[in-house]
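See structure below.
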Amino acid sequence: MGYNKNDFEDQETIEPKRLTHEEALKFFTEKELSPSISSPWDIVKFQTALTITGTIFTIVWSMFFGAKADVVSVMLGGVLGIIPTSAFIIRVNLVKKIDSRLAKRFISSLVYAEVIKITLTLTIIILSIRFYQNLNWLWFLGMYIITLQSYWLIGFIKFKKL
């Protein structure tokens with residue numbers, strides 16, 4: 001049961017209607033229509049705050065509970081999230097400032113920025129393994145996962161410019 005391209009030629013094409021702000025307010029609240037973050041750098045700030053908080057938590061955990069918690073592994077896990085995200089934002093902003101008129105060029109720059117991000121992530125993992133022999137994988141990957149969660153956690157927090 002295949003479809004024939006000619007079956008759809010007699011149907012009219014429907015152009016999407018752009019809603020005005022007043023029409024959109026019928027469906028959403030003002031808070032839902034406003035962006036959660038004002039800059040992509042807010043994500044990096046949030047990742048940094050999560051890394052600092054995670055590091056402090058690790059220090060307190062090891063002091064009070066006497067458990068072996070590796071602070072360096074936690075910091076490296078945070079760096080593993082922060083540096084590639086920063087490189088991605090820098091790459092996208094460079095292309096956006098130079099020429100953002102061509103969609104094809106902008107999409108290819110997004111793909112290239114993602115390749116840079118993946119390469120940096122793998123490089124930091126390899127360097128962490130190579131130069132820090134006592135890497136605690138649980139704390140390292142745990143903090144990395146927490147910093148990755150910042151992409152959706154930041155939606156719950158509204159950043160406002162002072």
ask   = Of all residues in segment 132-162, which are within 15 Å of Val74 (Cα to Cα) and out of contact with any helix residue (DSSP H, G or I) (no Cβ under 9 Å at 6 or more places or on another chain)?
value = Gln133
key: Positions within segment 57-89 being open to solvent by 60 Å² or more (accessible area, probe 1.4 Å) and under 13 Å from Ile146 (Cβ atoms), in sequence order   = Phe57, Met75
inquiry  = For segment 4-43, which positions are open to solvent by less than 100 Å² (accessible area, probe 1.4 Å), at pLDDT below 75 and over 30 Å from Asn93 (Cβ atoms)?
reply    = Asn4, Asn6, Asp7
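The values are calculated or read from the model by the stated rules, or taken from the named source; none is laboratory data. All figures in this text were calculated on a predicted structure; none of them were measured in a lab. Because the Cβ atoms are built from the backbone with ideal geometry, glycine has one as well, and the counts that use them run over all protein chains shown. For the accessible areas, the whole protein counts, side chains as well, though only heavy atoms, and no ligand, DNA or RNA atoms are used. Shrake-Rupley method; radii C 1.70, N 1.55, O 1.52, S 1.80 Å.
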